[in-house]
Amino acid sequence: MNRQYRYRGVLGIGVALWLVCLLIMGVAVGTAEAKREFVRFGGSNPGGSWFTIVGGLSALLNKQIKDLNVTPIATGGSADNNRMGRKYELDTWLTHSLTAYDNWNGVGLFKDQGPFKDFRMLCGVYESWHHFVVLDSSDIKTMADLKGKRVCIGSAGSGAAVNSENILRALDLWDQLKAEPLTFDACGRGLSDGHIDMVSLSSAPMPAIVTVEALKKIRLLALNDDEFKKVLAQFPAYKKSMMPPGVYKTWEKEYPCISFQVYWVAHKEVEPDWIHNILSVSFDPKNTKSIQTIHSQLKTLSPAFDGMKSLGIPLHPGAIKFWKEKGESIPPELVPAGR
């Protein structure tokens, strides 16, 4: 009996020590986990270029920055990103220049919400080309031919939908066609199977359209000179640009289009050190090839200070530190008065 009790006593002490060890390990794990920074990165929905860009960049950042956990968030796109940023449901996001301007100043899309001054610029990403896509077999030859047609403009909350409406309203076509606010994937499927007559999208090459042209030849519909003048007169944030040939494999011509800058921004409350680390990885020459394989548009990552100055939105302190280390001269108007 004594031997049995001694055995149980030893066993009890062992169990107690084991539980203590688990508790200590739990505290240690909790402490280590607490050191991790969780960053929510807003892009777009499947079929959109931002979905690809944000997913690829998040994976790279997670791999190269210790204790950082970047989560790509599927969203409607530029307008949705800025709305979620207002609620601090995103820490960093991609945005079209016009959407960022509206958000910052409380005009346009955000005229009912008022100005939002709690986000900061990080860098320029690329010049976005807004393009109109039809199947090569389509009878749509000019913008005027869109009357009565079904036009997919991208998902609600996307910059593509906003830009599509802006351009089509400026051309007095918006009320004469049937606008379909569908996801980018759905736009591509609809065009391919004939349920959609034309797709109106920002950013190229758009993955959904690349999928379409794997099966069918596409054609890009251009504005004429008078149509460009009408759009640019109403929306000076846009400009006329030329999409180079070969962006889409089945379209080998230079394409005149409306364009604008895409920026990478972050909420002002994100720690400067994390923004500095994110930019350091994104602009590290060792990562250039990997980043450009994520999406071809990432070839043009740049400071883009001139565009930021025209928008009047300052840089994030972490971005200021990074760009100074890179030898860039920071325009005074891009230095925020406070965080």
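None of the figures in this text is laboratory data; all of them are computed from the coordinates on show. Every value quoted in this text rests on a predicted model; they were computed, and no experiment measured them. Here the Cβ is made from the backbone with ideal geometry for all residues, glycine too, and neighbour counts use every protein chain on show.
Observations
- Spatial separation of Cα centroids for segment 42-60 and segment 81-145, in angstrom: 15
- FRET E, pair R169, E254, Förster distance 25 Å, beta-carbon r, rounded to 0.05: 0.40
- Sequence-separation-based contact order of the chain, relative, with Cα cut under 8 Å and 6+ spacing, percent: 21
- GNM flexibility winner over the chain from M308, M206, M84 (Cα, springs under 10 Å): M84
- Loop-located chymotrypsin sites (Phe, Trp or Tyr not before Pro) in segment 209-276 (DSSP state other than H, G, I, E, B) with a sparse environment of at most 11 neighbouring Cβ atoms within 10 Å are absent.
- 222 nm mean residue ellipticity, helices alone, for the chain (DSSP H n ≥ 4; -39,500 (n - 2.57); rounded to 500): -12500 deg cm²/dmol
- Cross-link pairs K147/K229; K63/K321; K217/K249 - those with Cα-Cα distance over 18 Å: K147/K229; K63/K321
- Relative contact order for segment 227-319, counting Cα pairs under 8 Å that sit 6 or more residues apart, in percent: 23
- Loop GluC sites (Glu not before Pro), segment 238-339, which have at most 15 other Cβ atoms in a 10 Å radius of their Cβ (DSSP): E252, E254, E269, E328
- Once the chain from A233 to E269 is taken as fully extended at 0.36 nm per residue, the excess over their C-alpha distance is 9.3 nm.
- Within the chain, helices built from complete DSSP H runs that reach 27 Å or longer along their own axis (Cα positions) and carry a mean Kyte-Doolittle hydropathy of -1.0 or higher are 2-34.
- Distance from segment 223-237 to segment 263-339 (C-alpha centre basis), Å: 31
- The Cα atoms of the chain cover 100, 50, 42 Å along the three principal axes, with the biggest extent listed first.
- Fluctuation leader among I153, I209, I140 - the chain, Gaussian network, Cα springs under 10 angstrom: I140
- At R0 = 56 Å, FRET efficiency that the Cβ-Cβ distance of K141 and D67 yields, to 0.05: 0.50
- Taking K217, K286, K249 in turn, the Gaussian network model of the chain (Cα-Cα springs below 10 Å) assigns the largest fluctuation to K286.
- The mean sequence distance of close C-alpha pairs (under 8 Å, at least 6 residues apart), as a share of the length of segment 129-260, puts its relative contact order at 33 percent.
- Over all pairs of different C-alpha atoms, segment 129-260 has a mean inverse distance whose reciprocal, the Kirkwood radius, equals 14.4 Å.
- Each residue of segment 202-216 is assigned a 3J(HN,Hα), and the resulting list reads 9, 5, 8, x, 8, x, 5, 7, 4, 5, 4, 6, 5, 10, 9 Hz, derived from the Karplus form 6.51 cos²θ - 1.76 cosθ + 1.60 (θ = phi - 60°), x at Gly and Pro.
- Contour excess over end-to-end distance, with Cα ends at S290 and K216 and 0.36 nm allotted per residue: 23.7 nm
- The label-point distance for A156 and K324, in a model that sets each label 7 Å from Cα toward Cβ, rounds to 4.5 nm.
- Positive end of the dipole of the chain (Cβ unit charges, origin at the Cα centre): among V133, L109, Q297, the Cα lying farthest that way belongs to Q297.
- Partners for K240 among aspartates and glutamates (Cα-Cα distance below 20 Å; same-chain residues under 8 apart left out): E127, E165, D172, D225, D226, E227, E252, E254, D306
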